[in-house]
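What follows is calculated from the coordinates using simple rules that are stated; it is not laboratory data. It should be emphasised that the depicted structure is a prediction, and the values quoted were computed from it without experimental measurement. For neighbour counting, all protein chains shown are included, and Cβ atoms are generated from backbone atoms with ideal geometry for every residue, glycine included.
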Ligand SMILES: *Cc1c(COP(=O)(O)O)cnc(C)c1O
């Protein structure tokens, strides 16, 4: 056994695919300290740079004893959990909301509660691992459409729809590794035409898009047509945990059937207070998301000018470098120049699509962006 494991590790290493962790200390201004060196952090999902916001930090330190010592349905629901759920429902424009311990737990729990062997689940080829795992756990038939290709989705729907008792379409509103967005209006039309349920994962859009910062369902004005809008507090909101915004009856169904909700201790109150504070920061400081998106456009334009081919239309800006080892080398070279960017490789992305993934944060100013562009041009010989 041990020998087999070591062989697998060696194989990953030789393919340039071995992953490892390093200890990171946060520092201000979109930077991190790693082994005593300071880097511009282009790998953080703290898009609004509010994880260190004084209101959120203060909330995180309050709330009395942190442990709830029980699941939500036992004695683990505090008034703060209920208050957060009310606030999320209002923020998302839905009747009700359920708070989950993490986005991963939300997705595997919700999908496996809603679907079974007689269900078809239509999901994007590039769906997040938590969506794929939820479908696998449910035993439903997984039907994958080409990335953001609504015509392909329709073709699959029209071919398959009679074969299953129920159908669910699930996709992300901003793709974590590509930074792009599906045609949301078209999704709601397909949902109606083929009588499916629709679930959206707004992990990377919450806090960033929409007039009130609630996400792309808000921006596309489709919230009423989406059965479940899930998202996390752990990315742009700078907190921890996740939510599903939905109807009151679906909420009741979920809290009765969703195993990752029922069989897990609820989040500590200080985390919940931080999540509540983060919703207030999003409401009170809209300039953070506006400036972030303007800077993201600026960065994509400059990259294109320099002959790179950036993907996406959000604060997530991937540059495809294809070869695993070349990607790793580029990220190493950029680190030497003071920029922490992650090389994203298979299996997180398809073979041949390794990339440098830049996540821009509010604290990254034009001077940081210009300096990065210069370092990137040098490191890649352009
Ligand atoms: C990060 C992420 C999740 C998981 O959220 P966590 O709260 O980190 O567990 C789910 N879906 C997508 C698209 C994500 O990017």
Based on the alpha carbons, how large is the Rg to Rh ratio for the range 43-198 when Rh follows Kirkwood? 1.03
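Compactness ratio of the range 159-304: Cα Rg over 2.2 N^0.38 Å, N = residue count?
1.16
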Per residue of the chain, what 222 nm ellipticity follows from adding -39500 (n - 2.57) for every DSSP H run with n ≥ 4, rounded to the nearest 500? -12500 deg cm²/dmol
What's the center-to-center distance, using Cα atoms, between the range 222-257 and the range 89-121 in Å? 6 Å
How would you rank 196, 22, going from fewest to most other Cβ atoms within 10 Å of each one's own Cβ? 22, 196
Fewest-first ordering of 345, 326, 302 by Cβ atoms within 10 Å yields 326, 302, 345
When a/c is below 1.5 the answer is rounded, else prolate if a/b is larger than b/c, else oblate, so apply that to the range 1-71 with a ≥ b ≥ c taken from the square roots of the Cα gyration tensor eigenvalues. oblate
Give me the log10 of I(q) over I(0) for the chain at q = 0.08, 0.13, 0.14 Å⁻¹, as the Debye formula computes it from C-alpha points; what are the numbers? -0.43, -1.14, -1.30
What order do you get for 271, 135, 5 when you list them from fewest to most C-beta neighbours inside 10 Å? 5, 271, 135
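Checking a compactness column here: for the range 272-382, what do you get for Rg(Cα) / (2.2 N^0.38 Å), N being the number of residues? Write out the running numbers ahead of the final one.
On the way: Rg = 15.6 Å, N = 111, 2.2 N^0.38 = 13.2 Å.
Compactness ratio reported: 1.18.
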Return a whole-number percent for the relative contact order of the range 155-279, with Cα pairs under 8 Å and 6 or more residues apart as the contact set. 18 percent
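Which whole-number percentage describes the relative contact order of the range 224-382, with Cα contacts under 8 Å and a sequence gap of 6 or more? Mind dumping the intermediate values first?
Details: 163 pairs, mean separation 26.5, N = 159.
Relative contact order, the range 224-382: 17 percent.
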